[in-house]
Amino acid sequence: MPRTAAPPPASPPRDRRRTSASVVLRSVLEHGPVARSTIARLTGLSPASVTDYCARFTELGLIRETRAPQKAKGVGRPHVPVDLDDSRFVVGGVHVAVPYTTVALLDLRGRVVVRRELKHAGRTEPRALLARAAAGLAALLDEVPGSRPLGVGVAVGGWVDRDTGTVVEHPLLGWREVPVRELLGAHTGLPVHVDGHARALVNGERLFGRARGSRSVLHLFVGNVVDAAFATGDEVHHGPRSQAGTIAHLPVPGGTEPCGCGRTGCLQVELSERTLVRRARAAGVVDGANPMDVLAAARRGDPVAVRLLVERARLTGRAAALLLDVLNPESVVVTEVGALYREDCLAALREAVGPQRAPVVPTSFGDGVLAVAGGSVVLDVLYRDPLSASPERI
């Protein structure tokens, strides 16, 4: 990755509304290969405007004409469809979890090209961790020669201020007021955009996943950090200084886990992967600290592992039901290890949510979900205003 003596200048917060350029590029993403006349019909924009935007996107290298023209109805030249050009550019994705950082490169369709996990081994000092992440991204770029990086997206749990690119507070990492955008920008020489991982995944689902086309989406993220994000129309709710979605201390009826806040039964400590693994160790199911080991034990038929995973999924469903009562979304996406890999866990989660509610689906991105979270932060910027966030300016 290119390096500079100083980080790129911080970009001021952009208007989050979709521009006409965004509408056109999103139509190419969703329907391509697609004729310009079809884009005009789908978007309500004039054919001349669509043609102009497509010419500018082609010049930037974001789209290209496909080889097979479509026969025009009636008299006239055949329509030459356009599609995303996913061969030139990549974006960097960084997701900082408690035990490890995921670094990845994604193409313009949000597909993971390559990724790595960098284990923390107890070392979470932010400057060293972000320097290591930048080095990891540079190594990944060496694996895909010829690809041009547009920028880096960073997704982190806890309280993340998107507009300043700062992790305000992440108690499990011990981070407070960490200027992630500034620090990572200094190492990469690229524009860096930062957001909370639940909000990042809402944008990923709406761009590339099952929630595409939904008018309102709730995303519930259940890992070591438990948080949520809610989108209506084309807007993810952030609140003042991006504090929306903090649900760690919602009370869980019957909860028994002591929380650092002094109470018992807060949602995050009850559902945390740390709690799942600790209970599995106490029952003799696993020896380590990896929740995937609990999943592996359940696959081998260990009844205790199965019970722990199903109970956690059911409690996740109860949390989702509480949020549904307040927000009433059209669709619900849950990132939770049991619901992602086991039908019995997904069934328990859905049962706890209750019938005749919004459909509940697991994340669209499988085991690449953390990589997609990071990349979606910067891809949202691109698709929201592709001319202002062009390859020259993103």
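Please treat every number below as a calculation from the coordinates, not as lab data. What you see is a predicted model, and the numbers here were worked out from it, not measured in a lab. Cβ placement follows ideal geometry from the backbone for every residue including glycine, while neighbour counts extend to all protein chains displayed.
Observations, loosely collected:
- Taking other Cβ atoms within 10 Å as a rough exposure proxy, V94, V225, V80, V192 sort from fewest to most as V80, V225, V192, V94.
- Of all DSSP beta bridges in the chain, antiparallel share, percent nearest 5: 65 percent
- Residue-averaged [θ]222 nm for the chain, counting only DSSP H segments that reach four residues, each worth -39500 (n - 2.57): -12000 deg cm²/dmol
- In sequence order, calculated HN-Hα J values of the stretch 38-54 (Karplus, 6.51, -1.76, 1.60; Hz; x Gly/Pro): 5, 4, 4, 5, 6, 9, x, 7, 6, x, 5, 5, 5, 4, 5, 4, 5
- Couplings for the stretch 85-97, taken from phi via the Karplus curve 6.51 cos²θ - 1.76 cosθ + 1.60 with θ = phi - 60°, read 9, 9, 9, 9, 10, 9, 10, x, x, 10, 10, 9, 9 Hz in order; Gly and Pro are left as x.
- Once the Kirkwood radius over Cα pairs is known for the stretch 286-394, the Stokes-Einstein relation at 37 °C and 0.692 mPa s delivers a diffusion coefficient of 207 µm²/s.
- Phi-based couplings in Hz for the stretch 268-283 (Karplus 6.51, -1.76, 1.60; Gly and Pro marked x): 5, 5, 6, 9, 3, 4, 4, 5, 4, 5, 4, 5, 5, 5, 4, 8
- Likely footprinting exposure, I39, I247, fewest C-beta neighbours within 10 Å first: I247, I39
- The chain: relative contact order as a whole-number percent, Cα under 8 Å and 6+ apart: 18 percent
- Size of the stretch 266-328 as Cα extents on the principal axes (Å, biggest first): 39, 21, 15
- The Rg/Rh ratio for the stretch 111-207, using Cα coordinates for both the radius of gyration and the Kirkwood hydrodynamic radius, is 0.95.
- Euclidean distance between Cα centres, the stretch 280-316 to the stretch 79-119, Å: 31 Å
- Shape of the chain, Cα gyration tensor, a/c cut at 1.5: prolate
- Largest-first ellipsoid semi-axes for the stretch 213-363, taking √(5λ) over the Cα gyration tensor eigenvalues, angstrom: 26, 18, 13
- For the Cα trace of the stretch 166-248, dividing Rg by the Kirkwood Rh returns an Rg/Rh value of 1.00.
- Proxy reagent accessibility, fewest Cβ within 10 Å first, across T102, T264: T264, T102
- Applying the criteria of a DSSP loop state and at most 15 other Cβ atoms within 10 Å to the GluC sites (Glu not before Pro) of the stretch 308-394 yields E330, E392.
- Stokes-Einstein D (µm²/s) once Rh is taken as the Kirkwood radius of the stretch 311-374 over alpha-carbon pairs, at 10 °C in 1.306 mPa s: 134 µm²/s
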